[in-house]
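Below: one structure, written as structure tokens.
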Amino acid sequence: KNHGEYYLKQLELAGEEVPPPEKPGRQSEHWTAEEHERFLVGLSTHGRQWVEVAKVVGTKTNKQVQRHAQSYFKRLQREGKGHLIPPPAKTGGARGKEQWTAEE
């Protein structure tokens, strides 16, 4: 057995919680230049609709797309290019449809 297997067996014998194994087939967090280009296309087409942007990227999950966007937006802010960041998605309503308030 390797050291990791021995350690996990010792945790199990001691009655301590054994961490779950990594999920198989997990997609890489690293973004290639091609994936970033598809992200930019999806972002310009769908704004902050992350499910739709993820479909354009094709190789990343919705959460990975959201995290990438957050990092990308922070970088744009640092570089003085905040004007390139799309406005936040409208909240409320099913699938981003606008909701009217009582005052309107």
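Brief remarks follow.
- Leading residue by the ranking (surrounded by the fewest Cβ atoms within 10 Å (Cβ to Cβ)) among those in region 65-80 that are part of a helix (DSSP H, G or I) and over 17 Å from the mean Cα position of the chain (by Cα): ARG78
- Of all residues making up region 32-82, the number that are touching a Leu at 6+ places or on another chain (Cβ under 9 Å) and on the phi > 0 side of the Ramachandran plot: 0
Computed from the coordinates by the stated procedures, all read-outs in this text should not be read as laboratory data. Small disclaimer: the values here were computed from a predicted structure and weren't measured. For neighbour counting, all protein chains shown are included, and Cβ atoms are generated from backbone atoms with ideal geometry for every residue, glycine included.
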